[in-house]
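K.L.:
Dumping the structure here so I can ask a few things about it.
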Amino acid sequence: MSEPVLRVHELVTSFPAGRGRAAAVDGVSFQLAEGEVLALVGESGCGKSVTALSLLRLVPKPGRIESGSIRIAGREVLTLHVSELRSVRGKEAAMIFQEPMTSLSPVLTVGAQVAEALRLHEPMSAAQARRRSVALFEQVRIPDPDARFDSFPHQLSGGLKQRVMIAMALALKPRLLVADEPTTALDVTIQAQILELLRDLQRELGTAILLITHDLGVVNELADRIAVMYAGRLVEEGTRVQVLGEARHPYTQGLLRAVPSLGRRGERLAEIPGVVPRPSERPPGCRFATRCPVRLPRCASDPPGDTPLAPGHVARCHVVAQELAR
Amino acid sequence: MSAAAPLLRAEGLRVWFPIRKGLLQRTVGWVRAVDGIDLDVPAGRTLALVGESGCGKSTVGRSLLRLVEPREGRLWFEGVDLLGLDAPAMHVYRRAMQIVFQDPQGSLDPRMRVRDAIAEGMQSFGIGANEAERSERVAALLARVQLDPAQMWRYPHEFSGGQRQRICIARALAVEPRLLICDEATSALDVSIQAQILNLLRDLQAELGLAYLFITHDLGVVRYLADRVAVMYLGQIVEEGETERIFGDPRHPYTRGLLAAVPSVDPNRRGVRAHVRGDVPSPAHPPSGCRFHPRCPEVFERCPREEPRLYPVGGGVSRCFLSEPAESGGTR
């Protein structure tokens, strides 16, 4: 079997909390194969964005990667020298964020910024860089790409800015695209346009995508596989159909039932009682134990291991393990 | 719209914001945020006002409370013309209409204890004979929104986002309103917490007979809560009707585009479609004719030239020539 594009093993990333440090990401492992789309889903504070930032060593201080291994295209990212890291960023793996304005400079035209990214990694003339940039704008379906090359970010709508970000991320044909809530700030009609674009580009270019989002609908649109995160750990992983259609972990089931959908009316939404525990208040066993409707006595004290349910489908839950043993 | 007089009625409501320029701040144009809308909110029912950013839905909510002054139109609450009232008379009606915003962090004073934040409105409207009685009422309100009354002496930062939104709801309920305007009240919350708040709002309506104007961009939430839906686009209502009809048989191409764009969590239903092209134009320069025509998948010659009226469809209205009755006339 060929080396996966991304292999994360037992990743731990911590932030200061009180007098000590708390692990925002606490022993997370997953893989992403060539051309595959994996969605990392969870609610605010579950650690999904910190996981994404850890991949390219972009965790802001005082955050710190404590341990684990991150291999992108076979290279260990955590021990790379900073100069080598620069060649991994952009060329092997690129990232897009929820808010394009945080990654675009307001004082340069969007074209100049894309051209700069191109020339940083490959020597070419200004005219060449412009041609390549305009071609990229065309590829992400920016209307009137030649004129848009000379626009400043503030002159573009949110949807167009996100297209510019995607163009910039794809400029060096990376094998991995990390997309952190790429459509969350957009209106639903614009979101639909961006989802269509990402789906088509993924098919054309075969780029592997790690999609970070809280929105299960967006996940359903793009993902091949889904990993559900809660309080710093993965609780369930499987194919899109396994996780959305045959979820076994009580947290995943609760999340799915809490989504108000267009198709149903009348019946009460299922609630997940309580709130996510603060890092200092996490139970030593299963982290969902404080809110779980079906918890067993041992859930609060023993961390659950992986229970394989079907090829590719895994849940970390004592209750699921017990049901399966019967 | 219903025959019985509604709790709240807006007619021809217009809110324009001036665009000022230069040293003398001369007005050089107008942003037509709300440009002639009619709304009915019946007592004890829920009307959802939906639309995307910049469509003017939040401005509608604020103008109903006269937090921004409408430029034109009529506004009735239980038959009383609100726009004719002076400030002291309007104050009385502020008690009947309360608003809950998206961001509970920004709408609670961080230096005020929860008890005082909730009791402030009561005091202003003379509810409760003294402080002790008001504290008792605060305790009851907190219990009603499923918070621990013993926590009333804490500060807002000691609560989570969902709990803070419960505090805002308790504060609104403290003055016994008949209409609650919820402006994206659950949009900032995680889905498991949003479900708690939506269920709470539904229970409160059943118990207290409250009417809701639910302003949101989230169509799933609308389906869950609303009796009727009004869809807004660039300052106008483009479709209005009973919730079941809007979701089951949408008539306006914009409504159809919105619904087709919402991703489902059902693994057997995949593939949202971007029927609606391009971006929303600026409300300072709305397109000619039908305001939706530059993005409409069904646009034809007449659309850029003529402005469609609201035509009756299935117990509601649609602002599209395709909804025009064959034997013209008979529209409102």
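The values are calculated or read from the model by the stated rules, or taken from the named source; none is laboratory data. Because the structure is predicted, anything quoted here is derived from the model rather than measured. Every residue, glycine among them, receives a Cβ derived from its backbone with ideal geometry; neighbour counts consider all protein chains shown.
K.L.:
Given the conditions (1) at the interface with another protein chain (Cβ under 8 Å from one of its Cβ atoms); (2) in a helix (DSSP H, G or I), and given that B:Ala274 satisfies all but one, which numbered condition is not satisfied?
P.N.:
Going through (1) at the interface with another protein chain (Cβ under 8 Å from one of its Cβ atoms); (2) in a helix (DSSP H, G or I) one by one, B:Ala274 breaks only (2).
K.L.:
Considering A:Val294, A:Val259, which residue is hydrophobic (A, V, I, L, M, F, W, C), under 19 Å from B:Ser192 (Cα atoms) and more than 8 Å from chain B (Cβ to nearest Cβ)? Lay out the reasoning, then the answer.
P.N.:
Working: A:Val259 fails: more than 8 Å from chain B (Cβ to nearest Cβ).
A:Val294 is the lone residue from the list that is hydrophobic (A, V, I, L, M, F, W, C), under 19 Å from B:Ser192 (Cα atoms) and more than 8 Å from chain B (Cβ to nearest Cβ).
K.L.:
Going by the structure shown, is B:Gly220 within 25 Å of B:Asp116 (Cα to Cα), part of a helix (DSSP H, G or I), small (Gly, Ala, Ser) and within 13 Å of chain A (Cβ to nearest Cβ)?
P.N.:
Working: within 25 Å of B:Asp116 (Cα to Cα): no; part of a helix (DSSP H, G or I): yes; small (Gly, Ala, Ser): yes; within 13 Å of chain A (Cβ to nearest Cβ): yes.
No.
K.L.:
From B:Ala230, B:Ala188, B:Ala170, grab the single residue that is part of a loop (DSSP other than H, G, I, E, B), more than 7 Å from every other protein chain (Cβ to nearest Cβ) and either in contact (Cβ under 8 Å) with a residue 24 or more places away in the chain or closer than 22 Å to A:Leu255 by Cα (or both). Quick ask: steps written out before the conclusion?
P.N.:
Numbers: B:Ala230 fails: part of a loop (DSSP other than H, G, I, E, B); B:Ala170 fails: part of a loop (DSSP other than H, G, I, E, B).
After ruling out the rest, the residue left standing is B:Ala188.
K.L.:
Name the one entry in A:Val114, A:Val134 that is in contact with a helix residue (DSSP H, G or I) (Cβ under 7 Å, 6 or more places away or on another chain) and modelled with pLDDT of 95 or more. Full working, then the answer.
P.N.:
On the way: A:Val114 fails: modelled with pLDDT of 95 or more.
Matching residue, one of A:Val114, A:Val134: A:Val134.
K.L.:
Of all residues in region A:158-195, which are under 18 Å from the mean Cα position of the chain (by Cα), within 14 Å of chain B (Cβ to nearest Cβ) and charged (D, E, K, R)?
P.N.:
A:Arg163, A:Glu181
K.L.:
Still on this structure: Could you list, in sequence order, the residues of region A:61-90 that are under 14 Å from A:Val25 (Cβ atoms) and without any contact (Cβ under 8 Å) to a residue 60 or more places away in the chain?
P.N.:
Here is the first cut: in region A:61-90, the residues under 14 Å from A:Val25 (Cβ atoms) are A:63-70, A:78.
Correct list: A:Gly63, A:Arg64, A:Ile65, A:Glu66, A:Ser67, A:Leu78.
K.L.:
Within region A:81-93, track down each residue that is at pLDDT 90 or above, surrounded by 17 or more Cβ atoms within 10 Å (Cβ to Cβ) and out of contact with any strand residue (DSSP E or B) (no Cβ under 6 Å at 6 or more places or on another chain).
P.N.:
Scanning region A:81-93 gives no hits.
K.L.:
Now, a different point. I'd like to verify a number: residues in region A:16-53 that are buried (at least 18 other Cβ atoms within 10 Å of the Cβ) and closer than 18 Å to A:Tyr230 by Cα, how many? Quick ask: steps written out before the conclusion?
P.N.:
If we filter region A:16-53 for residues that are buried (at least 18 other Cβ atoms within 10 Å of the Cβ), which is where we start, we get A:23-26, A:28, A:30, A:32, A:36-43, A:45-53.
Of the ones still in play, those that are also closer than 18 Å to A:Tyr230 by Cα are A:23-26, A:28, A:30, A:38-43, A:45-53.
Counting residues in region A:16-53 that are buried (at least 18 other Cβ atoms within 10 Å of the Cβ) and closer than 18 Å to A:Tyr230 by Cα gives 21.
K.L.:
Identify, from the list B:Gln163, B:Gln146, B:Gln123, the residue that is part of a loop (DSSP other than H, G, I, E, B) and at pLDDT below 95. First the steps, then the outcome.
P.N.:
On the way: B:Gln163 fails: part of a loop (DSSP other than H, G, I, E, B); B:Gln123 fails: part of a loop (DSSP other than H, G, I, E, B).
Just one listed residue meets the conditions, B:Gln146.
K.L.:
Looking at A:Arg203, A:Arg233, A:Arg175, A:Arg248, which one is among the basic types (Lys, Arg) and free of Cβ contacts under 8 Å to residues at least 40 places away in the same chain?
P.N.:
Details: A:Arg233 fails: free of Cβ contacts under 8 Å to residues at least 40 places away in the same chain; A:Arg175 fails: free of Cβ contacts under 8 Å to residues at least 40 places away in the same chain; A:Arg248 fails: free of Cβ contacts under 8 Å to residues at least 40 places away in the same chain.
Just a single option satisfies the conditions, and that option is A:Arg203.
K.L.:
Among the listed residues B:Arg309, B:Arg302, B:Arg291, identify the single one that is buried (at least 21 other Cβ atoms within 10 Å of the Cβ) and modelled with pLDDT of 95 or more.
P.N.:
Details: B:Arg309 fails: buried (at least 21 other Cβ atoms within 10 Å of the Cβ); B:Arg302 fails: buried (at least 21 other Cβ atoms within 10 Å of the Cβ).
On inspection, the qualifying residue turns out to be B:Arg291.
K.L.:
While we're looking at this one, here's another question. Name the single residue, out of those in region B:295-327 being of a type in the set (A, V, I, L, M, F, W, C) and free of Cβ contacts under 8 Å to residues at least 12 places away in the same chain, that is nearest to B:Ala274 (Cα to Cα). Break it down stepwise before answering.
P.N.:
Within region B:295-327, the first condition is being of a type in the set (A, V, I, L, M, F, W, C), and the residues that meet it are B:296, B:299-300, B:303, B:310, B:313, B:317, B:320-322, B:326.
If we keep only those that are free of Cβ contacts under 8 Å to residues at least 12 places away in the same chain too, we end up with B:299, B:326.
Details: B:Val299: 16, B:Ala326: 30 Å.
Only one residue tops the list, namely B:Val299.
K.L.:
Taking strands (runs of 3 or more DSSP E) that fall entirely within region B:1-106, which contain at least 1 residues that are at pLDDT 90 or above, farther than 30 Å from A:Ile190 by Cα and among the small types (Gly, Ala, Ser)? Spell out the reasoning first.
P.N.:
Working: elements: B:8-21, B:26-41, B:46-50, B:72-77, B:97-100.
Filter on region B:1-106 gives B:8-21, B:72-77.
K.L.:
Tell me the residue from A:Arg282, A:Arg240 that is surrounded by 19 or more Cβ atoms within 10 Å (Cβ to Cβ) and within 11 Å of another protein chain (Cβ to nearest Cβ), please. Please lay out each step first, then the result.
P.N.:
On the way: A:Arg282 fails: within 11 Å of another protein chain (Cβ to nearest Cβ).
Checking each option against the conditions leaves just A:Arg240.
K.L.:
Now for a separate question. Taking the condition surrounded by 15 or more Cβ atoms within 10 Å (Cβ to Cβ), modelled with pLDDT under 95 and in a helix (DSSP H, G or I), does B:Ala260 pass? Outline the logic, then answer.
P.N.:
Details: surrounded by 15 or more Cβ atoms within 10 Å (Cβ to Cβ): yes; modelled with pLDDT under 95: yes; in a helix (DSSP H, G or I): yes.
Yes; evaluated as a whole, the condition is true for this residue.
K.L.:
So which of B:Ile215, B:Ile197 is surrounded by 19 or more Cβ atoms within 10 Å (Cβ to Cβ) and part of a helix (DSSP H, G or I)?
P.N.:
Working: B:Ile215 fails: part of a helix (DSSP H, G or I).
Selected residue: B:Ile197, the only one of B:Ile215, B:Ile197 that is surrounded by 19 or more Cβ atoms within 10 Å (Cβ to Cβ) and part of a helix (DSSP H, G or I).
K.L.:
Which ones in region A:128-157 are within 14 Å of chain B (Cβ to nearest Cβ), assigned to a helix (DSSP H, G or I) and buried (at least 18 other Cβ atoms within 10 Å of the Cβ)?
P.N.:
Selection gives A:Arg148 alone.
K.L.:
Criterion first (at pLDDT below 95, within 12 Å of another protein chain (Cβ to nearest Cβ) and buried (at least 22 other Cβ atoms within 10 Å of the Cβ)) does A:Leu269 satisfy it? Before you say what the answer is, go through the steps one by one.
P.N.:
On the way: at pLDDT below 95: yes; within 12 Å of another protein chain (Cβ to nearest Cβ): yes; buried (at least 22 other Cβ atoms within 10 Å of the Cβ): yes.
In short, yes.
K.L.:
Can you confirm whether B:Val138 is surrounded by 18 or more Cβ atoms within 10 Å (Cβ to Cβ), within 27 Å of B:Ala43 (Cα to Cα) and more than 24 Å from the chain's Cα centre (by Cα)? Before you say what the answer is, go through the steps one by one.
P.N.:
Working: surrounded by 18 or more Cβ atoms within 10 Å (Cβ to Cβ): yes; within 27 Å of B:Ala43 (Cα to Cα): yes; more than 24 Å from the chain's Cα centre (by Cα): yes.
So B:Val138 passes the test.
K.L.:
Taking B:Gln105 as the residue in question, decide whether it is of a type in the set (S, T, N, Q), under 26 Å from A:Ser44 (Cβ atoms) and surrounded by fewer than 19 Cβ atoms within 10 Å (Cβ to Cβ). If you could, list the steps in order and put the result at the bottom.
P.N.:
Working: of a type in the set (S, T, N, Q): yes; under 26 Å from A:Ser44 (Cβ atoms): yes; surrounded by fewer than 19 Cβ atoms within 10 Å (Cβ to Cβ): yes.
Yes; evaluated as a whole, the condition is true for this residue.
Residue-by-condition table, conditions (1) over 19 Å from A:Lys48 (Cβ atoms); (2) crowded, with 23+ Cβ neighbours inside 10 Å:
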site: A:Thr183; (1), (2): no, yes
site: A:Thr189; (1), (2): yes, yes
site: A:Glu196; (1), (2): yes, no
site: A:Arg199; (1), (2): yes, no
site: A:Leu205; (1), (2): yes, no
site: A:Leu216; (1), (2): no, yes
site: A:Asn220; (1), (2): no, yes
site: A:Ala227; (1), (2): no, yes
site: A:Tyr230; (1), (2): no, yes
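K.L.:
Can you work out which of the residues in region B:240-257 that are within 16 Å of A:Val188 (Cβ to Cβ) and more than 9 Å from chain A (Cβ to nearest Cβ) is surrounded by the fewest Cβ atoms within 10 Å (Cβ to Cβ)? I'd like the intermediate steps shown before the answer.
P.N.:
If we filter region B:240-257 for residues that are within 16 Å of A:Val188 (Cβ to Cβ), which is where we start, we get B:246-247, B:250, B:252-257.
With more than 9 Å from chain A (Cβ to nearest Cβ) added as a condition, the list becomes B:246, B:250, B:252-253, B:255-256.
Numbers: B:Ile246: 29, B:Pro250: 21, B:His252: 29, B:Pro253: 25, B:Thr255: 24, B:Arg256: 17.
Filtering first and then ranking leaves B:Arg256.
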